[in-house]
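Note sheet for the following structure.
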Amino acid sequence: MIAFLVGLVVVLALVSLAFSLRGRKRFSWLEFFLKGKDSGFSFAETRVLSRAAVESGVQDSTNIFWSPRDLDKTISQLVGSQSPSVRGREGSLFLERVYDLRKKLEFDQPRYKAGIKSSRQIAQGQRIRLLVQGVGVFGCTVLDNNSQFLVVTYPSGSRLPQGFVWKGKKSSAYFWRREDACYVFDTYILDDMRIRNIPVIHLAHSESLLRTQKRKSVRTRAKTPASLYILKRVEGAFEKIERESGLRCIVQDLSEDGFSVLIGGKAKIGMMVKVQFFIADLQVVMSGVVRSIDYDGEARRSVLHVEAAVPSPRTKNAIRSFVYNIQAKSGTEEAAEPQA
């Protein structure tokens, strides 16, 4: 009986010690390496990640598997260190997998999972496209959203038939909500009028928004000067640097699978284009197909929305560093705050 009690005391003491140690550190080294393996990293790569996390000042290395902020610090350390593990083709592929983990953590954030159900939740400034059967597709912007209707700018786009009247027309509306997905809903044009001499239309609200095409990559705003070139085909030339000057333009938003660019004049859907611009000191080239266009007739300029060809690991990593605001650092210097 005494031996049993002594054994029980020893077991309880060991359990208490284990919980005490676990309180100081979230996971054991074994769990850390298993987590790295589950995330697609080899044993050697997991060691590199652990070392970079420690050198960047992350207090618990396992945080990088669930904390975007701590993973950003670790990536900054990796890029700034210029160690053999991140150089060359193998290093680019390793960084690509690290950024894949970063994207997963980003899309695990609540703001990417919560959608909207009603047009009453659409924010001011949201771009909307209106599809009018038999007439065409038109672009407009939400100026006001009240309890009765949406007030949007006068639609621009396809040429209107002679004598066309907006009021009373049925339309399908669709839009990309920032950091979310594409939404579609049916609506009616309730009125066509002028407010302070500005032409606007009123759209009926809908409580039946269909959420489709969730974003596959994180996109961020940009205001980056670039050169644009017209291509005959994307294959074989999508990352080749052009030596001659192209059409001056501005990249307005950017992700690893697409971008929008502001140009003067008009363009056509289906055009194949290439843009060249700099991210820090690195020249980046992206190519793709124009999928939609927002034309401003008054300013005589267009915003081209381009679906990009799949970039190389080097280019993809450079774009992701811009999207997540990753700045190379060394030692324990603090990394910049990641963009929201």
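No value in this document is a laboratory result; all are computed from the given coordinates. Keep in mind it's a predicted model, so treat the numbers as computed, not measured. Glycine gets a Cβ as well: all are built from the backbone with ideal geometry, and neighbour counts include every protein chain shown.
If you check 120, 196, 211, 177 for being surrounded by fewer than 19 Cβ atoms within 10 Å (Cβ to Cβ), without any contact (Cβ under 8 Å) to a residue 12 or more places away in the chain and over 18 Å from residue 295 (Cα atoms), only one passes: 196. Exactly one residue among 79, 58, 137, 98 is more than 30 Å from residue 29 (Cβ to Cβ) and β-branched (Val, Ile, Thr), and that residue is 137.
Do we have any residue at all in the range 177-195 that's assigned to a loop (DSSP other than H, G, I, E, B) and either at positive phi or hydrophobic (A, V, I, L, M, F, W, C) (or both)?
yes
The combined condition, being surrounded by 12 or more Cβ atoms within 10 Å (Cβ to Cβ) and among the small types (Gly, Ala, Ser), is fulfilled by residue 92. If you take the residues of the range 128-137 that are surrounded by fewer than 19 Cβ atoms within 10 Å (Cβ to Cβ) and of a type in the set (A, V, I, L, M, F, W, C), which of them is nearest to residue 174 (Cα to Cα)? The qualifying residue nearest to residue 174 (Cα to Cα) is 131.
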